[in-house]
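Following: one structure in structure tokens, then a few remarks.
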Amino acid sequence: MNAVMAEGLRRAGDTKVVEVGRGVLERSGVLLRDALLRDRTALVVADERTWAAAGHAVFDRLAAAGVNLAEPLVFPGQPALYASYENCVIIRERLRESDALGVAVGAGTINDLVKLASGELSRLYAVVGTAASMDGYTGFGAPMNRGGVKLTMPCPAPRVVLFDLDVAAAAPPSMVASGYGDLAAKIPGGADWILSDAVGIDPIEPLAWDLVQGGVSEALSRPASLAAGDASAYEGLVSGLVLSGLAMQVYRGTRPASGAEHYFSHLWELAHLGAEEDPPLSHGFKVAIGTLAMCQFYERFLARDLKGLDVDAAAARWRPWDDVEADIRSRFTGALADNAVNETKAKYVDADGLRARLRGLMDRWDELRPRLAAQVLPAADLQRMLRAAGAPAVPEDIGLTAADVRDTFPRAMYYRARYSVLDVARETGWFDDLVAEVFAPGGLWT
């Protein structure tokens, strides 16, 4: 374990033990007994696929370690298990009846269900990951469908996370491709954090930054080997995903792990993109296209001279709040419109505030521009890497068109209060032109 991860575990609120490597499955019984269970009963929760991949082995290793075991709870493998509150209740009641601590064996859905069920009982739990598919293993909170609405419900992260790299390498290729897309999002997400820090909205927390950004480049450097199932290539990806969740625990928020690229995915999820597929279109697949869009937007943004901006002209063009609200309501409906209005108002400034914000960026631009340029991958390079990993590399790969992605840009800008390059572009008056440049003929999207 490196020093950054050790410090992350020391400062994390929930997760205290992480083991990533080859042979972890063989040691899982002793690890779980000593780090979590001791004299408590364990309830292993899996679906038929994850039970075959690792659940049965975990159950046997726990038994060999002398752990008291409840009858395992194994959901059907088909259709794919859904993160619905009804399934959480099933797990919660089994935990209650057996007075057990949960051991989730699976990926995102299984982890989220056991996480929330355990949280509602104020009990610790562990997860044995089976696929490098997302960064939520060590994250707090569980995205859940309840009453037809997708909510992130508060609950603690796991106390123990175990990840055997041979198990991860044997997972379906689409799952590692999803994790690759989710980790790639840390590139433009980090750039957005740099900008937000520069204007004084979200100061960068050094440890959280290092946890996420310290190994991203290396973790993304072997996409073809990941797609081929080479277990030796998985350590960086798995560790990067785990560290991202730890950073969110340290920061007590998602700022270290996401920026505007995630809002593309969230909006497409709200539109139920790919929800009818089996398995449903993954979060990481949608994030991959949002990440590619934002990297190309950053390219066009950084090609402009912010120091040459006429701040007074930008302030004169600045739209009053009533006009902004009207534009938001023309793009969203119902409760989503109300939410977007509230979120955007939180980051809106008047003309005087705009002048101060832009002048602050201009004063620091000689330092900020090279830092942002070093942070963001060229979009064409990222597109090749995504394709090599088996992840989506064009909108059509997830059932969208370039026009759909283009239409999402202003909605992503308004969707959350979190400050990003989309907000800087709107404040400079460049937003519409930059979006048009991203989708110009001959580019990545044509």
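Values in this text are rule-based calculations from the coordinates and carry no lab data. All figures in this text were calculated on a predicted structure; none of them were measured in a lab. Positions of Cβ are generated from backbone atoms using ideal geometry, with glycine treated the same way; all protein chains shown enter the neighbour counts.
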- If you take the charge dipole of the chain about its Cα centre, with +1 on Lys and Arg Cβ and -1 on Asp and Glu Cβ, which of G429, A198, H283 is farthest toward its positive end? A198
- Note on the structure: Taking M413, M5, M153, M248 and counting other beta carbon atoms within 10 angstrom, the fewest-first order is M153, M5, M413, M248
- Query: Sorted by average packing, counted as other Cβ atoms within 10 angstrom per residue and highest first, what order do 157-168, 105-116 take?
  - Reply: 105-116, 157-168
- Item | Most positive-pole-ward Cα, G308, L43, V30, against dipole of the chain from beta carbon charges | V30
- What label, among [x] 77, 51, 33; [y] 73, 42, 40; [z] 81, 54, 34, belongs to Cα extents along the principal axes in Å computed from the structure on display? [y]
- Amide H neighbours of T41 under 5 Å, counting only residues 5+ apart in sequence or on other chains, H built in-plane at 1.01 Å? L101
- Query: Size of the dipole of the range 187-286 about the Cα centre, Lys and Arg at +1 and Asp and Glu at -1 on the beta carbon, nothing else charged, in debye to 20?
  - Reply: 140 debye
- Take the alpha carbon gyration tensor of the range 263-398, find the square roots of its eigenvalues, order them as a ≥ b ≥ c, and report rounded if a/c is under 1.5; if not, report prolate when a/b exceeds b/c, else oblate. oblate
- Query: Under unit Cβ charges (Lys, Arg +1; Asp, Glu -1), what dipole magnitude, rounded to 20 debye, does the range 154-225 have relative to its Cα centre?
  - Reply: 180 debye
- Message: Bins of 5 Å, beginning at zero and ending with the bin holding the largest distance: percent of Cα pairs per bin for the range 3-171, please.
- Response: 2, 10, 20, 24, 23, 14, 6, 2, 0
- Message: Give me the one-decimal nm value for the distance between modelled label points at V30 and E7, 7 Å along each residue's Cα-to-Cβ direction.
- Response: 3.1 nm
- Task: Taking the Cα centre of the chain as origin, sum charge times position over the Cβ atoms of Lys and Arg (+1) and Asp and Glu (-1), and report the length of that vector in debye to the nearest 20.
- Result: 720 debye
- If one builds a Gaussian network model of the chain from Cα atoms under 10 Å apart, the most fluctuating residue listed among E367, E269, E261 is E367
- Task: Could you tell me what percent of the DSSP beta bridges with both partners in the chain are antiparallel, to the nearest 5?
- Result: 15 percent
- Item | Radius 12 Å from Cβ of G13, net charge of other residues (Lys, Arg +1; Asp, Glu -1) | +4
- Query: Once label points are set 7 Å from the Cα along Cα→Cβ at both D310 and A351, what is their separation, rounded to one decimal in nm?
  - Reply: 1.5 nm
- Task: Under 24 Å Cα to Cα from K16, which lysines show up? Leave out anything in the same chain fewer than 8 places away.
- Result: K115, K186
- Give the angle, between 0 and 90 degrees and rounded to the nearest 10, that separates the Cα long axis of helix 321-331 from the longest principal axis of the Cα atoms of the chain. 60 degrees
- Query: Just from its helices, what would the mean residue ellipticity at 222 nm be for the chain, if runs of 4 or more DSSP H residues each count -39500 (n - 2.57) and the sum is divided by every residue, rounded to the nearest 500 deg cm²/dmol?
  - Reply: -16500 deg cm²/dmol
- Task: With an 8 Å cut-off on Cα pairs and a minimum separation of 6 or more residues, tell me the relative contact order of the chain in percent.
- Result: 16 percent
